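The values are calculated or read from the model by the stated rules, or taken from the named source; none is laboratory data. Since this is a predicted model, take the numbers as computed values, not measurements. Cβ placement follows ideal geometry from the backbone for every residue including glycine, while neighbour counts extend to all protein chains displayed.
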Amino acid sequence: MSLGLPSRLPGTPSIGELIRGAAPTFSFEFFPPKTADGERLLWQAIRELESLRPSFVSITYGAGGTTRDTTVAVTERVATETTLLPMAHLTAVNHSVAELRNVIGRLAGAGIRNVLALRGDPPGDPMGEWVRHPEGVDYAEDLVRLVREAGDFSVGVAAFPYKHPRSVDVDEDTRNLVRKCRAGADFAITQMFFDAEDYLRLRDRVAATGCDTPIVPGVMPVTRMATIERSVQLSGAPFPPELLRRFEAVADDEAAVRALGIETCSAMCARLLDEGVPGIHFITLNRSTATREVWQQLAPTQVAAAA
Ligand code: FAD
């Protein structure tokens, strides 16, 4: 597999091509920093994880479109100053179509040709009423088309193993995911989840519609009890009760919580790889240690899969 090539080199495969390749991809997600300290931590994590030669890395777009400039700047810096292949997240929140085209143009100008197209959430309360920008778009599906029309981009979309919190039921959620794929998405990456079955059921539902867009599981190891609460807020999915009991049993011991988080995340990733997932996308929260530990546990599987 061609890993670690700067994104501008001619012939560098797109992320869509890598995900459809023979070996599973391994990728890391970072968020744009807001402070000088945050920036130092981000670059430390990027440098530490670079040596693992991930297939690609992605940079999120701040809630409410607040990090437009930092997302573009960090993604560009990854493209020009590291050996990593970057993808920029882009959301439609608070942006007119003209502004979205402008951001897409800046990404293209920086040599970035991989974009994760998202609707995003309303600023402030993520579950508040979604109000489209008067000259903007309604759904991620529209943004997929916009990015596609703008040039030779490889486009990804979000998927929700448990269903998106706003979707009425899983069937509606599946139909909307498939619409995004048919609008031109090359791949999907899921919201974090903690039960492999949730992912496998989503994959089956999408396959049953005849859609073969690869769906990459997004994972994040629990490193503190607070991660559990945060994951429930973000995904709208209940934390698996059996797993919750295991964490609650060691809740007073920070090191034991962390060790259990690494162990259970590694076990879930190993199961997903056995099930033939197209890759694993790690949400790093701009820290390298937990991701590296899960990666190390998976190393033998990874080597076997790539051979
Ligand atoms: P959509 O696909 O537009 O879906 C939104 C809702 O509308 C869903 O309920 C869907 O079922 C419904 N829907 C979709 N299409 C239609 C249609 N045509 N007709 C009727 N209903 C429809 N947020 C950020 O702010 N920045 C990020 O960088 C970011 N990165 C993310 C990365 C991943 C991997 C994931 C999974 C999520 C990420 N998010 C990010 C969160 C995401 O923006 C929110 O979950 C948002 O609420 C939904 O975005 P979407 O792209 O899935 O929207």
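Condition test on G124, is it in contact (Cβ under 8 Å) with a residue 60 or more places away in the chain and either farther than 21 Å from S96 by Cα or within 9 Å of the ligand (Cβ to nearest atom) (or both)? First the steps, then the outcome.
Details: in contact (Cβ under 8 Å) with a residue 60 or more places away in the chain: yes; either farther than 21 Å from S96 by Cα or within 9 Å of the ligand (Cβ to nearest atom) (or both): no.
Spelling it out, it is not the case that G124 is in contact (Cβ under 8 Å) with a residue 60 or more places away in the chain and either farther than 21 Å from S96 by Cα or within 9 Å of the ligand (Cβ to nearest atom) (or both).
When you scan segment 128-159, how many residues do you find that are basic (K, R) and closer than 11 Å to A92 by Cβ? Even if it seems obvious, please write down each step before you answer.
Here is the first cut: in segment 128-159, the ones basic (K, R) are 132, 145, 148.
In the following step, the residues that additionally are closer than 11 Å to A92 by Cβ were identified as 132.
Here the count works out to 1.
Inside segment 82-103, can you point out the residues that are in a helix (DSSP H, G or I) and either buried (at least 17 other Cβ atoms within 10 Å of the Cβ) or within 8 Å of the ligand (Cβ to nearest atom) (or both)?
Passing the criteria: L100, V103.
Could you grab me the full set of residues in segment 147-157 that are surrounded by fewer than 21 Cβ atoms within 10 Å (Cβ to Cβ) and either in a loop (DSSP other than H, G, I, E, B) or aliphatic (A, V, I, L, M) (or both)?
A150, G151, D152
Give the residues of segment 164-212 that are within 25 Å of R245 (Cβ to Cβ), in contact (Cβ under 8 Å) with a residue 12 or more places away in the chain and away from the ligand (no atom under 14 Å from the Cβ), sorted by residue number.
Narrowing segment 164-212 to residues within 25 Å of R245 (Cβ to Cβ): 165, 190-202.
Going one step further and asking which of them are in contact (Cβ under 8 Å) with a residue 12 or more places away in the chain, we end up with 165, 190-196, 198-202.
Correct list: F194, D195, A196, L200, R201.
Suppose we filter R68, R47, R53, R40 for residues that are at positive phi and of a type in the set (D, E, K, R); which single one remains?
Details: R68 fails: at positive phi; R47 fails: at positive phi; R40 fails: at positive phi.
Checking each option against the conditions leaves just R53.
Filtering segment 153-162 down to residues that are at pLDDT 95 or above and not polar (S, T, N, Q), which residue is nearest to the ligand (Cβ to nearest atom)? Show your work before the answer.
Filtering segment 153-162 down to residues at pLDDT 95 or above leaves 153-161.
Within this subset, residues satisfying the condition of being not polar (S, T, N, Q) are 153, 155-161.
On the way: F153: 16, V155: 11, G156: 8, V157: 6, A158: 3, A159: 6, F160: 6, P161: 9 Å.
So, considering only residues that are at pLDDT 95 or above and not polar (S, T, N, Q), the one nearest to the ligand (Cβ to nearest atom) is A158.
What number of residues within segment 3-33 are hydroxyl-bearing (S, T, Y), at pLDDT below 95 and either surrounded by fewer than 20 Cβ atoms within 10 Å (Cβ to Cβ) or under 27 Å from D274 (Cα atoms) (or both)? So that I can check it myself, show each step before the final result.
First pass over segment 3-33, keeping only residues hydroxyl-bearing (S, T, Y): 7, 12, 14, 25, 27.
The next check asks that each one be at pLDDT below 95; those that pass are 7, 12.
Within this subset, residues satisfying the condition of being either surrounded by fewer than 20 Cβ atoms within 10 Å (Cβ to Cβ) or under 27 Å from D274 (Cα atoms) (or both) are 12.
Of the residues in that region, 1 qualify.
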